[in-house]
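A short worksheet on the structure shown next.
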Number of protein chains: 2
Amino acid sequence: MAFNTEDAPGVHAEQPEQTGGFVFNHTMIRVVDPEKSLAFYTKVFGMRLLRQKENPDAQFTLYFLARTDGYDVPADEAERAKFMSRIPAVLELTHNWGTEKDPNASYHNGNDEPQGFGHICFTVPDLAAACQWMDDNAVTFQKRPEDGRMSNIAFVKDPDGYWIELVEHSGNG
Amino acid sequence: MAFNTEDAPGVHAEQPEQTGGFVFNHTMIRVVDPEKSLAFYTKVFGMRLLRQKENPDAQFTLYFLARTDGYDVPADEAERAKFMSRIPAVLELTHNWGTEKDPNASYHNGNDEPQGFGHICFTVPDLAAACQWMDDNAVTFQKRPEDGRMSNIAFVKDPDGYWIELVEHSGNG
């Protein structure tokens with residue numbers, strides 16, 4: 001049955017069978033210093049590092065993180081990689097070797113010009129409690145709930161300046 | 001139990017209880033023409049438009065899409081918005097009104113300079129079949145499986161030029 005939103009121009013309300021099994025698996029961002037980014041995403045957002053893949057020829061390492069709530073994650077590394085390829089909401093961090101030692105290295109957050117990518121978002125049970133947790137971890141805010149007109153959302157910045165939206169599980173974000 | 005990957009510098013292997021209930025809910029990208037983008041993501045990737053939110057004051061509309069495999073999605077709009085706030089792997093498209101009529105409007109894909117965001121990824125049961133489906137829909141490839149050294153992955157472009165990785169559910173991507 002089509003949703004009332006699905007009369008928007010362009011929408012195909014019938015899911016093609018050729019897309020069966022497709023999973024929106026991950027979003028990739030480049031990071032300057034993986035130690036800082038791994039600390040941030042594993043501690044502040046409770047993600048777990050499920051896989052790490054080095055490419056010595058091209059001098060980069062990929063880190064794959066996800067929240068594992070409700071999953072029985074395989075301990076075996078190969079099985080865990082396969083498991084990880086089938087779940088949604090993985091965050092891939094790309095580290096090009098050496099950027100962490102370059103004081104001028106930085107990445108573009110997509111909200112400064114030229115614009116494109118905007119943010120990732122974590123939904124949370126309690127926005128005030130989540131904001132307190134951000135403060136406990138000295139996380140930089142782009143927008144606190146009380147800034148501007150939208151008191152139901154906040155934005156923080158990750159170590160590279162990428163924006164992370166915080167919004168409650170209320171459906172009002 | 002810690003995974004063998006979790007000895008990487010910076011990693012907190014213990015998930016803080018303050019992050020309980022956090023969900024990596026969505027990734028936001030700006031799009032020039034929502035009709036084209038909605039057609040692309042609903043047809044080629046089988047996502048469904050779960051929510052649409054207009055902001056007439058600031059002249060933008062947000063579209064929230066997700067694959068709904070395995071979910072019992074509420075028909076009621078408010079209930080569906082709440083449902084959508086609790087699931088992972090939502091794609092948010094931001095449309096700033098008027099860009100679709102501006103022949104010079106474009107967004108930055110994060111892979112051209114200045115770099116930052118890299119791509120989103122869909123994992124698929126069969127890479128060759130998925131590539132055929134892309135060709136059936138005249139989708140532009142950034143990298144076919146046979147291009148370069150990594151025959152197990154492909155990249156296509158969405159209507160704005162954002163990269164979408166395709167990789168099988170094998171754990172070898």
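Bear in mind these aren't lab numbers, they're just calculated from the coordinates by the rules spelled out. Since the structure is predicted, the reported quantities are computational estimates derived from the model, not experimental observations. Ideal geometry is used to build each Cβ from the backbone, glycine not excepted, and the neighbour counts take in all protein chains shown.
Here are some notes:
- Condition broken by A:Leu93, with the remaining ones in (1) assigned to a loop (DSSP other than H, G, I, E, B); (2) more than 29 Å from B:Asp57 (Cβ to Cβ) satisfied: (1)
- Counting residues in the range B:115-128 that are in a helix (DSSP H, G or I) and among the small types (Gly, Ala, Ser) gives one or more.
- Evaluation of B:Gly70 against (1) at the interface with chain A (Cβ under 9 Å from one of its Cβ atoms); (2) assigned to a loop (DSSP other than H, G, I, E, B); (3) closer than 23 Å to A:Thr123 by Cα; (4) not aromatic (Phe, Trp, Tyr) (one fails), failing number: (1)
- Taken over the range B:92-132, the criterion of being buried (at least 22 other Cβ atoms within 10 Å of the Cβ), of a type in the set (A, V, I, L, M, F, W, C) and within 15 Å of B:Glu165 (Cα to Cα) is satisfied by B:Phe117, B:Ile120, B:Cys121, B:Phe122, B:Val124, B:Ala130.
- Scan of the range A:124-133 for residues that are out of contact with any Phe, Trp or Tyr (no Cβ under 7 Å at 6 or more places or on another chain) and not small (Gly, Ala, Ser), ordered by number: A:Pro125, A:Asp126, A:Leu127, A:Cys131, A:Gln132, A:Trp133
- With respect to the conditions (1) in contact (Cβ under 8 Å) with a residue 24 or more places away in the chain; (2) touching a helix residue (DSSP H, G or I) at 6+ places or on another chain (Cβ under 6 Å), B:Gly118 falls short on a single one, namely (2).
- In the range B:22-67, the residues that are of a type in the set (Asp, Glu) and more than 7 Å from every other protein chain (Cβ to nearest Cβ): B:Asp33, B:Glu54, B:Asp57
- Taken over the range B:1-34, the criterion of being among the polar types (S, T, N, Q), in a loop (DSSP other than H, G, I, E, B) and in contact with a Phe, Trp or Tyr (Cβ under 8 Å, 6 or more places away or on another chain) is satisfied by no residue.
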